[in-house]
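Just below is one structure, and these are the notes that go with it.
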Amino acid sequence: MAEVPKDLKYTEQHEWVHISDDGTEATVGITDFAQGELGDIVYVELPEEGAALEQMESFGTIEAVKTVEDLYAPLSGEVLEVNHLLTDKPTLINESPYDEGWIVRIRIDKPGEAATLLSADEYRERIAEGA
Amino acid sequence: MPYVQHTEADQREMLAAIGKARLEDLFSAIPAEIRLRGPLGIPPGAAEYDVLRDLQGLAARNHPAGGMISFLGAGIYDGLVPSVVGAILSRSEFYTAYTPYQAEVSQGTLQTIYEFQSMIAHLTGLDLANASMYDGSTALAECAMLLTDHTHRRRILAPAGLNPRWRAVLDTYVSDLDLEVVTVPNGPDGRMDLAALATLCNDGTGVLLLQQPNFFGLVEDTTALQRVLQGLPAERRPELAVAVDPVSLGVLVPPGEYGAVIAVGEGQSLGLPQFFGGPLVGFVACDRAHVRKIPGRLVGATQDSEGRRGYVLTLQTREQHIRREKATSNICTNQALLALAVTVYLAALGEGGFRELAHMCLVKAHRLGDAIRRLPGYALRWDTPYFREFVVRCPRPARDLIAAAKSHGVVAGLDLAAHMPGCDERDLLVAVTEKRSDAEIDHFAALLGRLGGR
């Protein structure tokens, strides 16, 4: 069973979001379930730091051996930092999806959007339904 | 399931789906003067031999370059093709195969493609090359789009000295995209005006295309070009993509050494006849940073479970059959057989032979250029270094000289004004390949001398 940490928020596109205690920043990655479905990640196309993202806009791609998927911004905001380690070691996402395999850090522009994210329980239900 | 394609009901349904009233509306982009109106003028039935005789009669009206002495190039050249090329190509293992879809069972095919890629990468001075493209012009257009996508800048700079057919293909490719093609003018020496280039580079300029040598055969000053590009602030500096005559790389600096991130070209002069202007074989080479964006198939070398060398199609996630509508290109194929011809040709020549080939082109072209310079009434259009092709300013319209030379069994070259806007009707584009003997060259110069006076 894929791990779904309690303290994170989730999206229908199988991304996790960690919102900082003061509510100003979000760290984003893909879930344990998603990495398991994709298999070995071979490449992550990252956005440029400083880029402005709109919620649900594609900001990069994640590529496994036989497929490629878009990454969607769970929240609107500016890209503060991308995980450059993924350039040389994309399998960090497989090995540690919720920690070393984080993808981007965003400065949250519209705090209200956080309400549209799924809770851990809701996300767990989605993947149990076969989403 | 009916096996009849496109019933009238199907056609109506498809036309309704795309909002067209009539089938005819789909062909509106085709110029009316080349559209066939009504059925072909063929009698309802004829004996096989009668048909053959008619067709042979039509074919006999052609003037194939093989039966003449040709100085026509303009992108497709009359070079020597060693017999070994045809001998290998006609082996059924290669001849009947298409681009490998069940790839890994076709180890031999994959190996030849891998060799092709390695040779092209080596020639262009870049990290890797793809398994080939339809032709040089589509390779260039694909790469222009790729680099605007990569840089997120929508302006493409195209040189005035670009092959006009390639420019037309580029314009067609971008016509429905939110991209802009701007022409960089030539200076008085027939090469890219580098001062004008600098002013055209703004923060929306994603790519600069260069043709080396340019359509007029002139060798662009890539050292000065690189200096200009490096002098621009990063936010105004476009990525450089070069369309290169591969044969020139036997004497000229490869694109990878003057800052190009992509090199494309037409491989026809590496072991293929001129046919009728096609089929052709394009190539794309790039640096490592662009590998995930380049179009076409890529073959990689790997090891099997027993440690033996094997070949695979790699990085297929770039391609349309996986990435679908998000693919950067819809090319999922290659010109496998023609790329094989290039591979055999290059292998047969070897590195020393290849340098000799380029030297022969250079020396023979200059033998002709020097002879023409001495003819009364003739001049070279520019006093600029050239490789194997150059523009002659003739005393009479080029089209008249071309017609007159034809009756002497000589294809004199290209009537530049008919193909390139702004050229004078007396400008004749002349190409000399390694195939032309000194006697043929001297004969042509003498013929021009005689025809020029009339």
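Could you go through the range A:20-39 and let me know if any residue there is crowded, with 21+ Cβ neighbours inside 10 Å and within 14 Å of another protein chain (Cβ to nearest Cβ). Yes, because at least one residue in the range A:20-39 is crowded, with 21+ Cβ neighbours inside 10 Å and within 14 Å of another protein chain (Cβ to nearest Cβ). Screening the candidates B:146, B:210 for the property of being out of contact with any Ser or Thr (no Cβ under 7 Å at 6 or more places or on another chain), in contact (Cβ under 8 Å) with a residue 24 or more places away in the chain and crowded, with 16+ Cβ neighbours inside 10 Å yields one hit, B:210. Inside the range B:161-170, residues that are free of Cβ contacts under 8 Å to residues at least 40 places away in the same chain and either under 15 Å from residue B:210 (Cβ atoms) or in contact with a His (Cβ under 8 Å, 6 or more places away or on another chain) (or both) make up a count of 2. The condition of being over 24 Å from the mean Cα position of the chain (by Cα), of a type in the set (Gly, Ala, Ser) and surrounded by fewer than 24 Cβ atoms within 10 Å (Cβ to Cβ) holds for only one of B:168, B:195, B:160, that being B:195. Looking only at residues in the range B:39-55 that are over 38 Å from the mean Cα position of the chain (by Cα) and at pLDDT below 85, the one that is surrounded by the most Cβ atoms within 10 Å (Cβ to Cβ) is B:43. When we screen B:141, B:158 for residues that are of a type in the set (Gly, Ala, Ser), out of contact with any strand residue (DSSP E or B) (no Cβ under 6 Å at 6 or more places or on another chain) and without any contact (Cβ under 8 Å) to a residue 60 or more places away in the chain, the only hit is B:141. Does residue A:72 meet the test of being of a type in the set (Ser, Thr, Tyr), more than 12 Å from the chain's Cα centre (by Cα) and within 14 Å of chain B (Cβ to nearest Cβ)? Spelling it out, it is not the case that residue A:72 is of a type in the set (Ser, Thr, Tyr), more than 12 Å from the chain's Cα centre (by Cα) and within 14 Å of chain B (Cβ to nearest Cβ).
For the residues B:229, B:240, the requirement of being assigned to a strand (DSSP E or B) and assigned by TED's automatic domain parsing to the domain that holds residue B:214 singles out B:240.
In the range B:319-335, of all residues being farther than 22 Å from residue B:110 by Cβ and more than 24 Å from the chain's Cα centre (by Cα), the one that is farthest from the other protein chains (Cβ to nearest Cβ) corresponds to B:325. Of all residues in the range A:40-69, those satisfying the criterion of being farther than 21 Å from residue A:100 by Cα and more than 9 Å from chain B (Cβ to nearest Cβ) are A:50, A:51, A:52, A:53, A:54, A:55, A:56, A:57.
The set of residues from the range B:163-190 being assigned to a loop (DSSP other than H, G, I, E, B) and under 15 Å from residue B:238 (Cβ atoms) comprises just one member, B:179. Of the residues in the range B:95-104, at least one is among the β-branched types (Val, Ile, Thr) and surrounded by 15 or more Cβ atoms within 10 Å (Cβ to Cβ).
Among the residues making up the range B:413-429, those that are modelled with pLDDT under 95 and either hydroxyl-bearing (Ser, Thr, Tyr) or over 19 Å from the mean Cα position of the chain (by Cα) (or both) are B:421, B:422, B:423.
Scanning the range B:126-152 for residues that are in a loop (DSSP other than H, G, I, E, B), farther than 23 Å from residue B:279 by Cβ and modelled with pLDDT under 95 returns a single hit, B:152. Checking each residue in the range B:406-440 for being assigned to a helix (DSSP H, G or I) and buried (at least 22 other Cβ atoms within 10 Å of the Cβ) picks out only B:416.
The values are calculated or read from the model by the stated rules, or taken from the named source; none is laboratory data. This is a predicted model, so every value here is computed, not measured. No Cβ is skipped: glycine too gets one built from the backbone with ideal geometry, and neighbour counts run over all protein chains shown.
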